[in-house]
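This report refers to the structure that appears directly beneath it.
We did not get these values from a lab; they are worked out from the coordinates using the rules stated. Everything quoted here is computed from the prediction, not taken from an experiment. Backbone-built Cβ (ideal geometry, glycine too); neighbour counts: all protein chains shown.
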Amino acid sequence: MSKFHLNIQELVQGEFTNKKVNIAFVFQVNCPGCFIYGFPTMNDLYSAFNEKIGFIGVATAFEDFDYNNEASLKLLLKEGTLVGETKKYYTAKYGTSKYSEIPDFPVAFDRMTTSEEFIGSNKIELICEAIPNFANFSEIEKEILVTKVKSYYSQIPVLAETFTLNQLQGTPSFIIFEENHDILAVYFGHQSVDALKMKLEEILAIHPSSNN
């Protein structure tokens, strides 16, 4: 079972409590869909399950670094200030540059690192180890794959660790994981709140101690 790698730079709001069952919401500040669909969904889930489940939002960045940064996240959490394409969308549709559904759950900023630092650590191996049947590869096959992955990431100057290590498709993403960080489910894009609630109820039924 794959592990959820939660590598954050700073916890900007609240305190994350690692419970038997947890959910992470990975988003970008310059991502209108994260605000249209992601935050309302996460806020709804937090209202329903915060006593039973650990919650954390992770602002990440894989593009538009002028907007997707820690400063923009802090303005959002403090004042509801929107930036970039998100601001354009809300200004055009609602006549406002402020977001009214500022989250109550803990929020962190993803750990940003250089490609050199990323490749020089054990993180490339972590990515490869998550590939199905990697353990059954021959030593030569493993070495070839690791070399290819290193070559790929060497071309990307700045990397967000939580986003990259978990090989997420994009934002918004929801990751449900256990206390030991085993991943139970991953969702990308617009998700039905009712479907996520049903999934969480199903998981909580298997982890009765989560209710304590």
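Quick look at the values:
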{"quantity": "Segment TYR152-PHE65, extension gain: residue separation times 0.36 nm, minus the distance between their alpha carbons", "calculated": "29.3 nm"}
{"quantity": "No Cys partner within the rule (Cβ under 4.7 Å), the chain", "calculated": "CYS128"}
{"quantity": "Prolate/oblate/rounded label for the stretch 88-212 (Cα gyration tensor, a/c 1.5)", "calculated": "oblate"}
{"quantity": "Two-decimal Rg/Rh across the stretch 52-149, once Rg and the Kirkwood Rh are taken from alpha-carbon atoms", "calculated": "1.16"}
{"quantity": "Computed label-point distance, nm, for sites TYR37 and VAL193 using a 7 Å Cα→Cβ extension", "calculated": "1.5"}
{"quantity": "D (Stokes-Einstein, µm²/s), Kirkwood Cα radius, the chain, 1.567 mPa s at 4 °C", "calculated": "72"}
{"quantity": "Rough spin-label spacing in nm, given labels placed 7 Å along Cα→Cβ, for LYS3 and THR96", "calculated": "4.2"}
{"quantity": "9 Å beta-carbon shell around ALA59, net charge (K/R +1, D/E -1)", "calculated": "-2"}
{"quantity": "Contact order normalised by residue count of the stretch 107-212, Cα under 8 Å, 6+ apart, percent", "calculated": "26"}
{"quantity": "Alpha carbon centroid spacing (whole Å) that separates the stretch 150-212 from the stretch 81-135", "calculated": "12"}
{"quantity": "Cα-based shape type of the stretch 115-161, given that a ≥ b ≥ c are square roots of the gyration tensor eigenvalues and the cut on a/c is 1.5", "calculated": "prolate"}
{"quantity": "The stretch 50-152, dipole about Cα centre (Lys/Arg Cβ +1, Asp/Glu Cβ -1), debye to the nearest 20", "calculated": "420"}
{"quantity": "Nearest-0.05 FRET efficiency for ASN50 and GLU141, computed from C-beta distance (R0 41 Å)", "calculated": "0.35"}
{"quantity": "Compactness of the stretch 144-212 as Cα Rg over 2.2 N^0.38 Å, two decimals", "calculated": "1.48"}
{"quantity": "Dipole of the chain [Lys/Arg +1, Asp/Glu -1 at C-beta], most positive-end residue of ALA195, ASN122, SER100", "calculated": "SER100"}
{"quantity": "Unit charges on C-beta of K, R, D, E only; dipole of the stretch 69-212, Debye", "calculated": "740"}
{"quantity": "Estimated FRET transfer efficiency when R0 is 41 angstrom, pair LYS78-LEU126 (beta carbons, to 0.05)", "calculated": "0.75"}
{"quantity": "Of LYS19/LYS123; LYS52/LYS74; LYS19/LYS197; LYS19/LYS150; LYS3/LYS142; LYS3/LYS52, pairs whose Cα-Cα distance is over 29 Å", "calculated": "LYS19/LYS150"}
